[in-house]
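Since the structure comes first, as structure tokens, the remarks are kept for the end.
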Amino acid sequence: MRKNLLITLLTVAIAAQAQTMDDSPTHSPYIKDVLEYLPAPGQFVNTLPAATDSDTPATMAAKCAELIAQGRNDIVTLGAYGGYITFGFDHSIANIAGQSDLYIRGNCYNGNSEPGIVMVSKDINRNGIADDPWYEIAGSADTDNAGQIVFNYEITYTPNPLGDIQWTDNQGQSGTIDRNEYHEQEYFPLWHEGALNFRGTLLPKNAVNQGTSTEYWVLSSFRYGYVDNYPNTNVEACSIDISWAVDINRHPANLDFIDFVRVYNGENQKCGWIGETSTEVGSAEDLHLEASLQAITAAISTMTASPKTIVSRHTLDGRKAGSHTKGIIITRYSDGSIIKSLQ
């Protein structure tokens, strides 16, 4: 069996397994844990949340959780383009047909959209770690702004303590994240050493200066599919449907459940005295908790009704693997599921 066919089978099998929930007697619709937090440089970085020289990635994730987990209604900043946060829940969130599945708050108000792109992942190996494939939520820009989106965009920020932060990208462009008189702290995340590099999808610029004698910046909202894109009072516009998830080729991922969510800033633009566009993220909520729990219970019951057996074992290059073969092994089971493991 060829390697590319094995990868295809692995992708298809994602929808057949790995739905979980904690053993607690009750479950929450809200974020349980913040797993990762790494903002790009920005004027609110190291203040939302507050950071010190002694902080680490783990302590900063915990600080974020204190602000937005368990339904807490505060916000964290993602800084400029690419900065991200990753969080999880105490159960898998089901993809319920015809419904929005996940509501994520920001701090947008009309005319000040700072859109963040959403990515989702399913805990296929059931290890509680966000180390499985990620899928992007395709928002309205995919159709409304076709040809204006930059896929596989990459940017690098260079530290410059208490100075403007230089950046370069893979499009031959460069620029700065400028310091201002309103925010005097260091703009580069204090707990990160060295340059910062981010890669993802770059949305079209949404900011226009409509002022004449003075600057008046308007940042227009995209129709759907992004965080911090509409005011929180518009719950539907701030929500996503797991069915919008796509793979690297922008094909539907067909996920039945998700376990992890990542939001990253999708804009690289500067708006005069306002400064860089920076996505802010608040709490997140499973919009149909009971339906998710019922779907998990039904799926687990189906999976355990008949024991699965191993159908085949192969290496990544398609060779048959024996019980003592070393390396990454693809194991296919009788229920159609496929597990990738390191032997």
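The values are calculated or read from the model by the stated rules, or taken from the named source; none is laboratory data. Keep in mind that what you see is a predicted model, and the values were worked out from it rather than measured. As a convention, Cβ positions derive from the backbone with ideal geometry for all residues, glycine included, and neighbour counts pool all protein chains shown. Keep in mind that these areas ignore ligands, DNA and RNA; they rest on the heavy atoms of the full protein, side chains included. Shrake-Rupley method; radii C 1.70, N 1.55, O 1.52, S 1.80 Å.
Roughly what angle does helix 289-305 make with the longest principal axis of the chain, taking Cα atoms, 0 to 90 degrees, to the nearest 10?
30
Around D90, which amide H atoms from residues at least 5 apart in sequence, or from another chain, sit under 5 Å from its own amide H, with H modelled in the peptide plane?
Those qualifying (amide H under 5 Å, at least 5 residues apart or on another chain) are S28, K32.
Any idea which of I124, S100, I137 is furthest toward the positive side of the dipole for region 88-139, if Lys and Arg beta-carbons carry +1 and Asp and Glu beta-carbons -1?
With unit charges placed on the Cβ atoms, the residue in question is S100.
Which value, in Å² and to the nearest 10, is the accessible area of W217 when all protein chains are kept and the probe is 1.4 Å?
60
Using the Karplus equation 6.51 cos²θ - 1.76 cosθ + 1.60 (θ = phi - 60°), what ³J(HN,Hα) coupling, rounded to whole Hz, does each residue of region 65-76 give in order, writing x for Gly and Pro?
4, 5, 9, 10, 7, 6, x, 5, 9, 10, 9, 10
Residues of the chain: accessible area per residue at 1.4 Å, in Å²?
Dividing the accessible area of the chain by its residue count gives 47 Å².
Under the rule of -39500 (n - 2.57) per DSSP H run of 4 or more residues, summed and divided by the residues of the chain, what mean residue ellipticity at 222 nm is obtained, to the nearest 500 deg cm²/dmol?
-4000 deg cm²/dmol, from helical runs alone.
Beta carbons within 10 angstrom, averaged per residue: use that to sort the peptides 109-121, 287-299, highest first.
With the highest mean Cβ count within 10 Å placed first, the list reads 109-121, 287-299.
Ranked highest first by the average count of other Cβ atoms within 10 Å around their residues, in what order do 258-270, 195-207 fall?
258-270, 195-207
Which distance in Å, rounded to a whole number, links the C-alpha centroids of region 29-96 and region 172-210?
Distance between centres, Cα-based: 18 Å.
What spacing in nm lies between the two simple spin-label points modelled at N209 and N127, each 7 Å away from Cα in the Cβ direction?
5.0
Rounded to the nearest 10 degrees, what's the angle between the helix 3-13 long axis and the longest principal axis of the chain, both from Cα atoms, 0 to 90?
90
Rounded if a/c is under 1.5, else prolate if a/b is larger than b/c, else oblate: which is region 224-343, with a ≥ b ≥ c the root eigenvalues of its Cα gyration tensor?
oblate
Report the accessible area of D247, computed with a 1.4 Å probe over the heavy atoms of all protein chains in place, in Å² rounded to the nearest 10.
Surface accessible to solvent at D247 totals approximately 40 Å².
In whole Hz, with x marking every Gly and Pro, tabulate ³J(HN,Hα) for region 254-262 from phi via Karplus 6.51 cos²θ - 1.76 cosθ + 1.60, θ = phi - 60°.
Karplus-based 3J(HN,Hα) across region 254-262 equals 6, 7, 8, 9, 9, 10, 10, 10, 10 Hz.
Rounded to the nearest 20 Debye, what is the dipole magnitude of the chain about its Cα centre when Lys and Arg each give +1 and Asp and Glu each give -1 at the C-beta?
Approximately 1660 debye in magnitude.
Taking θ = phi - 60°, what integer Hz values does the Karplus form 6.51 cos²θ - 1.76 cosθ + 1.60 yield along region 154-169, in sequence order, with x for Gly and Pro?
My calculation for region 154-169 gives 9, 9, 10, 10, 10, x, 8, x, 6, x, 4, 9, 7, 9, 9, 10 Hz in order.
Rank T233, T277 by accessible area, highest first, at a 1.4 Å probe radius?
T233, T277
Keeping the other protein chains in place, figure out the carbon and sulfur percent of the accessible area of the chain, with a 1.4 Å probe.
The computed percentage sits at 53.
Report the one residue of S113, I68, P161 whose Cα lies farthest in the direction of the positive end of the charge dipole of region 30-184 (charges on C-beta: Lys and Arg +1, Asp and Glu -1; origin at the Cα centre).
So the residue furthest toward the plus end is I68.
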